[in-house]
Amino acid sequence: MQAKAVRLHAAMDLRLDEFELPQIKDDEMLVKVVSDSICMSTYKMAKLGVDHKRVHADVADHPAITGHEFAGDIVEVGAKYKDLYKPGQKFTIQPAINYKGSMDSPGYSYEFCGGDATYCILPHEIFDTNSFLVFNGEAYYQASLAEPLSCSIGALNAAYHTHMGVYTHDMGIKEGGNMAIMAGAGPMGLGCLTYAIHRDRKPGLLVVADINQERLDRAAALFPPEQTKAETGVELHFVNTGTTDDPVALLRGITDGKGYDDVLCYAPVAAVVTQSSLILGRDGCLNFFAGPTDKNFSAPINFYEVHYGSTHVMGTTGGNTSDMIESLELTAAGRMDPAVMVTHIGGLDAAAETTCNLPKIPGGKKLIYTHISMPLIALDDLRSREAEDPRYGELASIVEGNKGLWCPAAERYLLSHWTQE
């Protein structure tokens, strides 16, 4: 079968290639990819090339398909799985498969498996690790965003707290405690926010800190604090730490000096890491969530409080399959909306350039529809394109009717009115 895909040939060398997919083996599956959301981790892969831990050394000869946050339809099932899955079923995958301890992953390490493709082949490793997930939800983008949401689910589940003199840990964030998301008004921060306030075990106070007022204003519009308090019981604050000379004092003041039980740092910036450490309360757990590209990245933290205040630091990257399932279930049940993460849409022809320039493009998640030809466009800019193409106006009306958010109706309109490759 002929397929198109964005593939990594070398560092910052992403190409939209057309090639022949081989016939699937008995323990593989042919799938049609419909949507893929672009992750900052894919930009890091593009930047580092073979120096990335998940990229194979011979990528120049066997280019790797990019993209790991994807969803689509089953096309052909290998003989081994014919009793389990059927063509036409929607699917998504957990890309952090960790097969036999390997770091190989779809979207990084495979010549014929990745999300920035029209069609791809899922290898046996995905099935051997129970990383293949049937999706029964309404829209493909919901399944694509289950993976980035699962990263935040994993981060909150992996948090832990201690008791003096006891050598066991209480897993998860502190129920009813103080929580802060540092550099948290971006797409991943908003994903963490929507999960934190809609899960069963919630914080009592949640502060989203950032230095980008435009992002903070958008977040506050999506999650009005008074409404959030009434609906979830969580006291929500949005704080611009760039407007003060003492961000630590500002943030600790919200807690009356007690500090935070759980802090998630969403930026690999030394000053933000240090601030995250200094706002921890007793037994506070700091999750350094944002993976740096600099192997020598470091930042000062308060080791006095590590010793006397039982503060502790950890890091998580990705979620596991149970985190993915939780994300899909909460979304399907309407308890949370992953669309808060999406600010741009585009076709497969926009994926390579978008990935290579991702840090320079403002906004949140960039959602790629792989069978469509469309330049990357912000949802806020859809209306401005109406004069040249009335379809953009129709799409804008759907989005505007949903608080400016992407939604299943918008996806259906897009898939039925844009060019199918």
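The values are calculated or read from the model by the stated rules, or taken from the named source; none is laboratory data. All figures in this text were calculated on a predicted structure; none of them were measured in a lab. Counting neighbours? That spans all protein chains shown, and the Cβs are built from the backbone with ideal geometry, glycine included. Calculation scope for accessible area: heavy atoms of the full protein, side chains included, ligands and nucleic acids excluded. Shrake-Rupley method; radii C 1.70, N 1.55, O 1.52, S 1.80 Å.
Observations on the structure shown:
- Sum of -39500 (n - 2.57) over DSSP H runs of 4+, divided by residues of the chain (222 nm, nearest 500): -8500 deg cm²/dmol
- Two-site label geometry, Lys53 and Thr168: point separation in nm, points 7 Å out along Cα→Cβ: 3.1 nm
- Scattering curve values for the chain, log₁₀ I(q)/I(0), Debye with Cα scatterers, q = 0.07, 0.08, 0.11 Å⁻¹: -0.33, -0.44, -0.83
- Of all DSSP beta bridges in the chain, antiparallel share, percent nearest 5: 60 percent
- The chain: relative contact order in percent, alpha carbon pairs under 8 Å with at least 6 residues between: 16 percent
- Per residue accessible area of the stretch 271-421, 1.4 Å probe, in Å²: 45 Å²
- Electrostatic dipole magnitude of the stretch 200-359 [Cβ: Lys, Arg +1; Asp, Glu -1; Cα centre; debye, to 20]: 260 debye
- On full extension, the segment bounded by Ala221 and His124 gains 30.5 nm, given 0.36 nm per residue less the C-alpha separation.
- Sparsely packed trypsin sites (Lys or Arg not before Pro) within the stretch 145-226, loop by DSSP, other Cβ within 10 Å at most 13: Arg201
- Solvent-accessible surface (1.4 Å probe) assigned to Asp381 amounts to roughly 80 Å².
- Gain upon complete extension [Thr419, Tyr85; 0.36 nm per residue less C-alpha separation]: 117.4 nm
- With the whole protein complex present, Ser277 retains an accessible surface near 10 Å², based on a 1.4 Å probe.
- Of the chymotrypsin sites (Phe, Trp or Tyr not before Pro) in the stretch 230-306, those whose Cβ has at most 16 other Cβ within 10 Å and which sit in DSSP loop: Phe297
- Where trypsin sites (Lys or Arg not before Pro) fall in DSSP loop in the stretch 242-314, at most 16 other Cβ within 10 Å: Lys258, Lys295
- With every protein chain in place, the stretch 244-388: carbon and sulfur % of accessible area (1.4 Å): 52 percent
- Beta bridge orientation in the stretch 155-307: antiparallel %, DSSP, nearest 5: 15 percent
- Gyration tensor (alpha-carbon) shape descriptor, the stretch 357-421, a/c threshold 1.5: rounded
- Size of electric dipole in the chain: Cβ of Lys, Arg +1 and of Asp, Glu -1, about Cα centre, debye, nearest 20: 500 debye
- Nearby lysines by direct alpha-carbon distance to Lys366 (threshold 26 angstrom, same-chain neighbours under 8 apart not counted): Lys4, Lys32, Lys44, Lys47, Lys53, Lys90, Lys403
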